[in-house]
1. Pull up all non-local amide H partners of residue 11: gap of 5 or more, or a different chain, and H-to-H distance under 5 Å with H placed in the peptide plane.
2. How long are the three semi-axes of the equivalent ellipsoid of segment 1-144, in whole Å, if each is the root of 5 times an eigenvalue of the C-alpha gyration tensor, listed from largest down?
3. Just order 103-115, 68-80, 46-58 by mean Cβ neighbour count inside 10 Å, highest at the front, would you?
4. Could you run the Karplus curve 6.51 cos²θ - 1.76 cosθ + 1.60 with θ = phi - 60° over segment 3-16 and give me ³J(HN,Hα) per residue in whole Hz, x for Gly and Pro?
5. Given the options 105, 60, 73, identify the residue whose Cα lies farthest towards the positive end of the charge dipole of segment 55-108 (+1 on Cβ of Lys, Arg; -1 on Cβ of Asp, Glu).
6. Give me a comma-separated list of calculated 3J(HN,Hα) values for segment 102-117, in order, Karplus coefficients 6.51, -1.76, 1.60 applied at θ = phi - 60°, integers in Hz, x for any Gly or Pro.
7. From the square roots a ≥ b ≥ c of the eigenvalues of the alpha-carbon gyration tensor of segment 5-65, which class results: rounded (a/c under 1.5), prolate (a/b over b/c), or oblate?
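All of the numbers you see were taken from the coordinates with simple rules; none came from a lab. On a predicted model such as this, the values are computed, not experimentally measured, just so you know. Methodologically, a virtual Cβ is constructed for each residue, glycine included, from the backbone with ideal geometry; neighbour enumeration extends over all protein chains shown.
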Amino acid sequence: MRCPYCGGSDTQVKDSRPSEDGAAIRRRRVCPDCAGRFTTFERVQLREVTVVKRSGKRVPFDRDKLQRSIDVALRKRAVDPERVERLVSGITRQLESSGEAEVTSEAIGELVMEGLKGLDDVAYVRFASVYKNFREAKDFEELLGTLGGTLAAPAEDEASADVAPTSRRRARQAKP
Ligand SMILES: [Zn+2]
């Protein structure tokens, strides 16, 4: 595994242990060149899943992007990270084992809403309001682009973290 800091190819595993209820192996690694430390996860990938976006564009399903879009909805909410991991892993496993080679971004959005409903009410409302408001405006694509697209994730600045997604969107649009 190449060092993310200096690009060195000789990183060493310092610690390795089960994570996510045994569904993953978490490894702490260190780079002997720059002393940089980072973590990697080893997970089962049952098979490749392709996400069909509203535009018709097809992109590979990306677990990390799914995780990030859920993290946006859960921002500043006190939810156990293990439970979030389990949600992300559960959706991923569901997609990989569904038997379908392709899945729409809408279908993934429905799974996320379902999962958030049981996890945190505020996060659910945040996600659902964005999902419904953006549905017509094609801006839904912008949000769910984080599930498997190349579009940028929603704004990361802390100041806007607590506003409703629609207000945040207006704020973004207001920028030159
Ligand atoms: Zn390094």
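1. Distant-sequence amide H within range of residue 11: 3.
2. One finds semi-axes of 31, 18, 16 Å for segment 1-144.
3. Top to bottom by mean Cβ count within 10 Å: 103-115, 68-80, 46-58.
4. Each residue of segment 3-16 in turn: 5, x, 8, 10, x, x, 9, 10, 6, 10, 7, 9, 8, 9 Hz.
5. The residue sitting farthest along the positive end of the dipole is 73.
6. 10, 9, 7, 5, 4, 4, 5, x, 5, 5, 5, 4, 4, x, 5, 4
7. Judged from the Cα gyration tensor, segment 5-65 comes out oblate (a/c at least 1.5, b/c at or above a/b).
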